[in-house]
Amino acid sequence: MAFVETLSSTVAAATSRPRRVPRRGSLALWLSTRGRGFGKPAAGQKGREAARARPRLEPVRPGTVSATRAVPEHILRPDYAGGPKQKWASRLLSRFPWDIEVKTPEEMDGMRRAGKVAREVLDAACKAVRVGTTTEEIDAIVHEETLKRGAYPSPLLYQGFPKSCCTSINEVVCHGIPDSRQLRDGDMMNIDVTCYVDGFHGDCSEMVLVGEVDDAGKQLVRVTYECLMRAISVCRPDAEYSDIGCAIEEHAKPYGYGVIRDFCGHGIGRVFHTVPNVLHYRNREPLGRMRVGHTFTIEPMINESAEVRTRTWPDGWTTVTVDGARSAQYEHTLLIVEGGVEILTRKNGDSFPLFWETEEA
């Protein structure tokens, strides 16, 4: 779940709502996560070809949102959902963007458990996607599969979010609220799942193709996944967090795609959203270096056009592209270890396959 962290956040960055990335302003340099980007990517030959192949789709419209689902009392909740205030809170209050929590070996194990559960729940949701399925039904699966594992669905009640996962279709960039809308042939959907397990959050998201998706849509989805994996490949002890955005934008740019700047990846652990801010575009922000024990998400949102501006619906959550172009996203939670990086939400042998794996089989 994308987020931007600011100095005004309290320990529980979890008490701060995911917002648009703030413009450069009057606070200290590090408070601005807009970065010093190098402008919009110019569409190359691949981008022009993709634009010509882009289909005209009916805009996504909101459906009816049902009542918030109940969570049994025995399930441990985060403090923003009525759980106990944590004694470790003061230790997690970052003074600067490079003041990043280093997990202990025990905390790393806690993050591994949370990542494993989040992956299992996400896989269950992805496998249920069919033409005619509603996003409300997907949310119900996420909710029940999370509770079945003794976990809490982290998005639920996070600053008032009414559901247990985010479902973002076609031009919806992120934070789509599950509702009564039925999935249609040709839709592309991101399902974003976060699970709170024994005091730790695990966060991941996946793109799912509904029925027959056109080649331009498939290319967008595959390139977005490649952007994520290229970003992960630069992660290791002593690497700059700003290296992540460079790796993503360098791969997306030749296709004429735009990299969303309004939302970013984030530190994660006992707190849902905290430092570092993980910017997905080329930048020079002083966001610190990776150290063994750092845990964070990378979750690039890539647009089918070079336009990167977004707007948010009146519900205060659902964010869409301003030009109606489709957007895709993949996300993993990562742990920096000696010699490299561990993907805590990695796929397992029973995971939902990437569409090109089934096509090439």
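The values are calculated or read from the model by the stated rules, or taken from the named source; none is laboratory data. This structure is a prediction, so every number in the text was calculated from the model and none was measured. Positions of Cβ are backbone-derived with ideal geometry, glycine not excepted, and every protein chain shown enters the neighbour counts.
Of note:
Here's the yes/no breakdown for (1) more than 26 Å from P353 (Cα to Cα); (2) touching a residue at least 12 places away in the same chain (Cβ under 8 Å); (3) in a helix (DSSP H, G or I):
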| position | (1), (2), (3) |
| --- | --- |
| V208 | no, yes, no |
| A216 | no, yes, yes |
| M229 | no, no, yes |
| D238 | yes, yes, no |
| G265 | no, yes, no |
| G269 | yes, yes, no |
| Y281 | yes, yes, no |
| P286 | yes, yes, no |
| F296 | no, yes, no |
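- For the range 92-102, the criterion of being surrounded by fewer than 20 Cβ atoms within 10 Å (Cβ to Cβ) and modelled with pLDDT of 95 or more is satisfied by at least one residue.
- Looking at the range 116-200, none of the strands (runs of 3 or more DSSP E) lying wholly inside it contains 3 or more residues that are over 26 Å from R61 (Cα atoms), in contact with a Leu (Cβ under 9 Å, 6 or more places away or on another chain) and among the basic types (K, R).
- Of all residues in the range 243-262, none that is under 20 Å from M290 (Cβ atoms) and without any contact (Cβ under 8 Å) to a residue 24 or more places away in the chain has its Cβ atom under 6 Å from the Cβ atom of a residue that is crowded, with 21+ Cβ neighbours inside 10 Å and of a type in the set (F, W, Y), 6 or more apart or on another chain.
- Yes/no for A151 being aliphatic (A, V, I, L, M), touching a residue at least 60 places away in the same chain (Cβ under 8 Å) and either surrounded by fewer than 19 Cβ atoms within 10 Å (Cβ to Cβ) or under 22 Å from P78 (Cα atoms) (or both): yes
- I138 being buried (at least 24 other Cβ atoms within 10 Å of the Cβ) and either touching a helix residue (DSSP H, G or I) at 6+ places or on another chain (Cβ under 8 Å) or among the aliphatic types (A, V, I, L, M) (or both): yes
- Among the residues of the range 219-267, those identified as farther than 18 Å from E206 by Cβ, of a type in the set (A, V, I, L, M) and over 16 Å from the mean Cα position of the chain (by Cα) are V234, A239, A247, A252.
- Taking every residue in the range 307-336 that is closer than 11 Å to V173 by Cβ and at pLDDT below 95 and pairing it with any residue that is part of a strand (DSSP E or B) and small (G, A, S), at least 6 positions away or on another chain, yields no pair with a Cβ-Cβ distance below 8 Å.
- Once the range 212-251 is narrowed to residues that are touching a Phe, Trp or Tyr at 6+ places or on another chain (Cβ under 6 Å) and farther than 29 Å from L183 by Cβ, the residue that is surrounded by the fewest Cβ atoms within 10 Å (Cβ to Cβ) is E249.
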